[in-house]
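The values are calculated or read from the model by the stated rules, or taken from the named source; none is laboratory data. Note that the structure is a prediction, hence the values are computed from the model and not measured. Here the Cβ positions follow ideal geometry from the backbone for every residue, glycine too, while neighbour counts run over all protein chains shown. Keep in mind that these areas ignore ligands, DNA and RNA; they rest on the heavy atoms of the full protein, side chains included. Shrake-Rupley method; radii C 1.70, N 1.55, O 1.52, S 1.80 Å.
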Amino acid sequence: VSDNEEGYTLSVASGNIVLKSPSAAGLFRGVQTLRQLLPPQAEMAGGLAGEVAAAVPACYITDAPRFGYRGLHLDVSRHFFSVEEVKRYLDIMALHKFNVFHWHLTDDQGWRIEIKRYPELTDVGSWRKETLIGHGGRPPFTFDGTPHGGYYTQEQAREIVRYAADRFITVIPEIEMPGHAVAAIASCPWLSCTGNDLEVQTRWGVFDDVCCAGRDTVFTFLKGVLDEVAAIFPSQYIHIGGDECPKVRWENCPACQKRMKEEGLKDEHELQSWFITTMEKYLSTHGKRIIGWDEILEGGLAPGATVMSWRGIKGGIEAARMKHDVIMTPTTHMYLDYYQGEPQSEPLAIGGYLPLELVYSFEPLPEELTPEEQKYILGVQGNVWTEYISTLSHLEYMALPRAFAVAETGWTPEMKKDFEEFLSRLDVLGERYDIMGINYFKGDYRNSRGRAE
Ligand code: ACM
Ligand code: ZN
C-alpha cells in the first residue's frame, strides 16, 4: 500500500457523514478517526447506550500518512503472550493506525512458532526451566524457579495474520539468525559450531553460541523453517534478525573457517554477510524480501535487504546512501522497553530513559540525506522487548502512550507536530484507554532531564 492509498477524506455535516478513500485500508484508517471523534464512552461494551448522546463535530478532514511503514514490534520470546493477548495488542495498534506488526518469534529464551518439519523446536525450545530475577549483570544469579514457555501453532499464527489483516495490519515474522539462536540450538544441538548440549537460556544478554555458518545442515534447516514461515505469512518481508552475533565460535570452528576459505571471505563479518545473503537468495525464490537489524551492514549488505536502524540512525543513513530501504527504530527514541519516567519510581526495566516527549520529538528523515536518499526511509517502528515485561497489563503500560507518539511520528508531517497539542489530545485518548481497560503510564511525560533533541 503506498502512502496515499491509505489516505481518506471525512466530512461530517448535519445529517450525514461521508468517508472516502481509494482503498479499503484508507477507509479503515478513516473509521479510526471517526471513532476518535466520538466520545470515549462509545468504547463501552455494547457501544453507546441510549443515555449517551453522541455528537460528532462537523468537520472536513483530508488525511494521509507521511510514511508507508508504521510499525510496532513485540518480543514474544523473552515472555510469551497468548493469541488473545496478541489480538488485543493488534486492536491497540489499529486504534493508532499502525500498519505493520513485527512479531519477534524466536530468540535465546524461547522458540514460539510451530515448525512441522522440526517439532523439537517447540517440544524443547518453547520452554525454559526458569527465569532470571532482576538485571543479573554478573554472578551470582538468582532465578524464579518457575518454568516459562508457550508457542503458537501454525493455525494460531494464521489466525493472527487474519486478525491483523482485518485491521489492515501486515504481520512481519522475525526468525533470528545466526545469533540469538540458543532456543533453536537447545532443540537441535547440531546447529551450533560445537554441537554441545545447551539449555534454553534463562538469562538475558548476548550469547556466544550461534548457528554454525560452515555446516550445510544448518542451511538445510533454516531453509526448511523459512519454507513453512513463508507459507504462513503473506507479508512480502521476512525479518531474519542478524543482530548481536558474536564471532568467537566461528573463529574457532573448522567448518566455518573452511567456508570462509572456499568463499573467499576475508573475516567473520564477511562470513555473516555471506550467511545473510544466502538466506536472502533463498527467500527470493519464495518471492520474499528480507529485513535485518543494522548489523547486516557489517561485512557487506545483502543486495535487496531492508535495514532496521536500531543502534541510532547511522546504519539507516549508510543504507539509504547505498539505495537500500530503511526502517528507523533507534534505541534513542523508539525503544519502548526503556524507562519512561525516573527509574526509582518505575517498575524494573532494561534501562535507558525515554520519556514520551523524546519519543514524540523523533524526526525519521535525517538531515544528512538528500531528498532522493530520504526516499529510502520507509518509516518508523517502536520496539517492545519483553525481558522485564511478563504480563499484558505491564506490556500496555510500557507501550502506551509512547506508541501513540510513534504512530503520530509515522503519520503526521513534521511541521504539524506539536507536543503541547499532542498532550491535550492524549487527555481525551486517556479516557478512551480507561474505558477500554487499557493500562498506560500517567506520570511526567516531559523530558525532565533536558530538552528533547
Ligand atoms: C536489538 O535491539 N538487539 C535489535
Ligand atoms: Zn561453525
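Kindly indicate whether any position in the range 312-321 is away from ligand 2 (no atom under 16 Å from the Cβ), under 24 Å from L222 (Cα atoms), open to solvent by 10 Å² or more (accessible area, probe 1.4 Å) and without any contact (Cβ under 8 Å) to a residue 60 or more places away in the chain. Among the residues of the range 312-321, not one is away from ligand 2 (no atom under 16 Å from the Cβ), under 24 Å from L222 (Cα atoms), open to solvent by 10 Å² or more (accessible area, probe 1.4 Å) and without any contact (Cβ under 8 Å) to a residue 60 or more places away in the chain, which makes the answer no. The criterion of being surrounded by 15 or more Cβ atoms within 10 Å (Cβ to Cβ), among the hydrophobic types (A, V, I, L, M, F, W, C) and within 16 Å of ligand 1 (Cβ to nearest atom) holds for C245. Counting only helices (runs of 4 or more DSSP H) that sit wholly inside the range 384-453, those with at least 2 residues that are more than 28 Å from G150 (Cα to Cα) are 402-411, 419-436.
Kindly evaluate L271 against the criterion of being open to solvent by 10 Å² or more (accessible area, probe 1.4 Å), of a type in the set (A, V, I, L, M, F, W, C) and away from ligand 1 (no atom under 16 Å from the Cβ). Judged against the criteria, L271 is not a match. Screening V248 against (1) touching a residue at least 40 places away in the same chain (Cβ under 8 Å); (2) within 16 Å of ligand 2 (Cβ to nearest atom); (3) under 21 Å from A305 (Cα atoms) leaves a single unmet condition, (3).
Examine the range 197-213 for a residue that is within 30 Å of P65 (Cα to Cα) and either within 16 Å of ligand 1 (Cβ to nearest atom) or part of a strand (DSSP E or B) (or both), and state whether such a residue exists. The answer is no; no qualifying residue exists. For the range 191-206, check the following and say yes or no: at least one residue is within 16 Å of ligand 2 (Cβ to nearest atom), of a type in the set (D, E, K, R) and without any contact (Cβ under 8 Å) to a residue 24 or more places away in the chain. No, every residue in the range 191-206 fails to be within 16 Å of ligand 2 (Cβ to nearest atom), of a type in the set (D, E, K, R) and without any contact (Cβ under 8 Å) to a residue 24 or more places away in the chain. Taking each residue of the range 158-170 that is on the phi < 0 side of the Ramachandran plot and looking for partners that are open to solvent by 50 Å² or more (accessible area, probe 1.4 Å) and in a helix (DSSP H, G or I) with beta-carbon atoms closer than 8 Å, six or more apart or interchain, yields R167/D91. Anything in the range 274-312 that is more than 15 Å from ligand 1 (Cβ to nearest atom) and among the polar types (S, T, N, Q)? List them, or say none. Those that are more than 15 Å from ligand 1 (Cβ to nearest atom) and among the polar types (S, T, N, Q): T277, T278, S284, T285. The residue that is farthest from D227 (Cα to Cα), among those in the range 181-194 that are open to solvent by 10 Å² or more (accessible area, probe 1.4 Å) and not hydroxyl-bearing (S, T, Y), is C193. The residue that is nearest to ligand 1 (Cβ to nearest atom), among those in the range 322-358 that are within 19 Å of G134 (Cβ to Cβ) and crowded, with 19+ Cβ neighbours inside 10 Å, is D337. Please enumerate the residues belonging to the range 214-245 that are away from ligand 2 (no atom under 16 Å from the Cβ), among the aromatic types (F, W, Y) and over 24 Å from G71 (Cβ atoms). Hits for the range 214-245: nothing passes. From the list R88, R117, the one residue that fits, being under 21 Å from I175 (Cβ atoms) and open to solvent by 10 Å² or more (accessible area, probe 1.4 Å), is R117.
For Q156, the conditions (1) within 16 Å of ligand 1 (Cβ to nearest atom); (2) open to solvent by 40 Å² or more (accessible area, probe 1.4 Å) all hold with the exception of (1). One residue stands out in the range 359-392 among those that are more than 14 Å from D325 (Cα to Cα) and aromatic (F, W, Y): the one that is farthest from ligand 1 (Cβ to nearest atom), namely Y360. Of everything in the range 2-39, what is outside any helix (DSSP H, G or I) and crowded, with 16+ Cβ neighbours inside 10 Å? Give them in sequence order. Matches in the range 2-39: G7, Y8, L10, V12, L19, S21, S23, L38, P39.
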